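**Student:** This is the structure I have questions about; it appears just below.
FYI, it's all coordinate maths here, none of it is from the lab. Please read these numbers as outputs of a predicted model, since none were measured by experiment. All Cβ positions, even for glycine, are placed from backbone atoms using ideal geometry, and neighbour counts span all protein chains on display.
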Amino acid sequence: MERPLIGNSVERLKYRSWMAPVGLLAVCFTAYGLLFPFLGWYWDEWPITWIANKLGNSGLVRYFETNRPYWGMIYGLTTGLIGAVPWRWQLFGLFWRWLGAVLIWAIARTTWPNKEFRALTAGMFFAVWPSFTQQSIAMMYGHFFIVLDCFLLSLWLNLNALNNPRGKAWYILAGLPLAAVNLLAMEYFFLLEVVRPVFLWAALYERQPEKKDRNIRLRLMAALWLPFLLVFAGAGYWRAFLFPHQTHNYQPVLITGLKTDPCQTLLTLAITVIKDIWTVLVTAWGQVLRLPDAALFSAKTTVLYFAGLVILAILIAILVYKTGANDGKKRSWPAVVTGLVGLLSAGIPFWVTGLPVGLGFPNDRFTLPFLLGASLVLASVLELLPQKIGIRAVLTALLVAAAIGLQIQTGFAYRKDWNTQRNLFWQLSWRAPALKPGTAVVSTNLPLRYFSDNSLVAPLNWVYAPDNHSAAMDYMFYYASVRADRALKLEPGQQIYQGYLASDFTGSSDQLLMIDFQPPACLRVLDADYDPVNPLLSPLMREAAKRSNPSVIVSENSSVTPARSPDTDVFGPEPARGWCYYFEKASLLADQGNWQAAADLGDQAFALGDYPNDPMERFVFIEAYARTGNLERARELSDEVVKITPQTKAPLDKLWERIESQQ
């Protein structure tokens, strides 16, 4: 007799139904919760958070009114309750992801009683499916999962109406408003409603599999589905004919293609459907083979990472093994069919509008609706493997643990991005304690993966205009490569206008502050004299440097515009005052012509034993020493610059031309 791969010692353990939600919580917390105090806001979270905290519910209404007005109402409730503290939102997002996994487990075990392995593994796969790796954007995707959970809870209540004939009406009445929330709030999960009758059919088939019961099954399914079908039809009518922005936001390119070239469009559609489902079901799992990035994981962290995954896999294998010990007769094909219908219905909104389903940021968000069908298909396939010798438990545990590892690695990447962004705004506040209203900050593309320049507009205004609660925005942030037509191509003295949904920015092409930030180098405000010939900058930023206007920076002692520092509740504590702090403050003093104070800071900075990571950071001290009579030290630093980076000779010559012309 073959022994189970995970050993006989677990045979004495008894599986209890409460173990599944607890196990799912452990899986979710390990995947997404270990770094929750060290993560922040990303991408569209910044605009939403800033609007909620500075412009209030009226701002949220303006922000969401053209795309997802009912979803915006949910944000109005949650932002008022949770506030602007990043770690709270991380736990918020984790909770709704865990609840979704629990609902998947509950739906599967309600649909297929005595199939505990299928239910638990479907919940686990839903919790960590590797196609979607944006859970760290917790505020935004927590709200995604609120909507998805409303659909899942409505489906579970619908299935419970089947099991409780006397209370059927109450279950249906409780489920209808939840279904409506999904249908009205956003479009991602709209067509998952198509899978509802399939679940009802599968549940009825599980209980009455004989052919003679077919008509009875159909009548019962229709009776349970009809109220939800009416809500679905009503919401569809609203989206198609009453909501004025539906087609503006998402163009039905598939319909247009069917009209112009139906054969080619259908062929392309078929290829896209197969490719996208394969991407979600199969290709996504290739990502779990990724090894930890040495730039993010120290040797010690890497050892802990692998040791933790091994221990976790063992615990998952034990739980999964015990879960399926008493499962009834295997009949996996109804669950596979249900999962495949879920996959097909999930993709329709993206195939109709031509949105590309893919892996990696940002398009992996389009795989979210696929998770229900994908997790059910994989769980049902694994169910066919032998239970007694533990093969399916071990394989399930390895897959889940590997997916958790991928999510942890991604969390470390998000942590790095958050730290980079925090340093950006702390260093900018050191360099520019205040900015004249109407200023646009222009930068190269920053080393931030999970942000765009549009995202950074909100924290810029949070730092420099914390008391502005009007719809007129004081500051704008541009990537030169993306928004060059808005600022860099304008002639001097021209107005710049930028809409931001809930607010508007009006500035001037004369008020452009050009910056460069490539950590570990310090943030630099570009100099109009020598940066136009700086070969370390991109050609676009060399050209932009000619328009850089440091006079928009207001000194710390200004009575007109008070100095600002980032809110520590939002941006975290101030970083250690190392080399970059002294560099930024010396540069500010140089702008004000206070060369002696800048030179004194240079003495303190070089005494730290810390050195610049960009040769251009020595320029301010070269000028400060030269203008205070310490030419020997200035020449010494100049020689260091050229010796370390010979390409800097041209901008260094420009610097010395300026020094000599003003002596």
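**Student:** Based on the alpha-carbon gyration tensor of segment 229-363 and its eigenvalue square roots a ≥ b ≥ c, which shape applies: rounded if a/c is under 1.5, prolate if not and a/b is larger than b/c, or oblate?
**Tutor:** Cα axes put segment 229-363 in the prolate bin.
**Student:** Subtracting the Cα-Cα distance from 0.36 nm times the residue separation, let me have the gained length for Leu355 to Tyr70 in nm, one decimal.
**Tutor:** Stretched out fully, the Leu355 to Tyr70 stretch lengthens by 100.4 nm.
**Student:** So, one more: How high is the relative contact order of the chain, given as a whole-number percent (alpha carbon pairs under 8 Å, six or more residues apart)?
**Tutor:** 15 percent
**Student:** Once label points are set 7 Å from the Cα along Cα→Cβ at both Ala169 and Ala607, what is their separation, rounded to one decimal in nm?
**Tutor:** 8.5 nm
**Student:** At q = 0.18, 0.20, 0.22, 0.26 Å⁻¹, what is the base-10 log of I(q)/I(0) for segment 339-414 according to the Debye formula with one equal point scatterer per Cα and no solvent? Please give it to two decimals.
**Tutor:** -0.89, -0.98, -1.05, -1.14
**Student:** In addition: P(r) of segment 257-329 in 10 Å steps, Cα pairs, percent per bin?
**Tutor:** 14, 20, 24, 19, 15, 8
**Student:** Which order do Arg422, Arg97, Arg214 fall in if you start with the one that has the fewest other Cβ atoms within 10 Å?
**Tutor:** Arg214, Arg422, Arg97
**Student:** Ok, one more. Provide, in order from the shortest bin, the percent of all Cα-Cα pairs of segment 308-375 in each 5 Å bin, continuing until the bin that contains the maximum pair distance.
**Tutor:** So the P(r) values, bin by bin, are 3, 13, 15, 14, 14, 16, 12, 9, 3, 0.
**Student:** A further question follows. Charges only on Cβ, +1 for Lys and Arg, -1 for Asp and Glu: so what's the dipole of the chain about the Cα centre, in debye to the nearest 20?
**Tutor:** Dipole magnitude for the chain comes out near 3680 debye.
**Student:** Next question. What value in Å³ per residue do you get for the convex hull of the alpha-carbon atoms in the chain? Don't jump to the answer; show the numbers that get you there.
**Tutor:** Numbers: hull volume 125.6 nm³, N = 663.
Here the figure is 189 Å³ per residue.
**Student:** Of the peptides 333-342, 225-234, 264-273, 366-375, how do they stack up when ordered by the mean number of other Cβ atoms within 10 Å, highest first?
**Tutor:** Packing proxy ranking, top to bottom: 366-375, 333-342, 225-234, 264-273.
**Student:** Okay, moving on. Using the Kirkwood formula on the Cα atoms of segment 576-663, what hydrodynamic radius do you get, in angstrom to one decimal?
**Tutor:** Taking the inverse mean of 1/r over all distinct Cα pairs, segment 576-663 comes out at 12.9 Å.
**Student:** Classify segment 432-573 as rounded, prolate or oblate, taking a ≥ b ≥ c as the square roots of the eigenvalues of its Cα gyration tensor: rounded when a/c is under 1.5, otherwise prolate if a/b is larger than b/c and oblate if not.
**Tutor:** rounded
**Student:** Checking the a/c ratio against 1.5 first, then a/b against b/c, what shape does the Cα gyration tensor give for segment 411-488?
**Tutor:** Cα axes put segment 411-488 in the oblate bin.
**Student:** Could you give the length gained by full extension between Leu631 and Ala650, i.e. 0.36 nm per residue of separation minus their alpha carbon distance, to one decimal place?
**Tutor:** 4.9 nm
**Student:** Sort all Cα-Cα distances of segment 178-277 into consecutive 10 angstrom bins from zero, then give the percent of pairs in each bin up to the one containing the longest distance.
**Tutor:** Result returned by the calculation: 13, 29, 31, 23, 5.
**Student:** Arrange Ile48, Ile274 by Cβ neighbour counts within 10 Å, fewest through most, would you? Kindly include the intermediate steps, with their values, before the conclusion.
**Tutor:** Working: Ile48 23, Ile274 10.
Going from least to most buried by this count: Ile274, Ile48.
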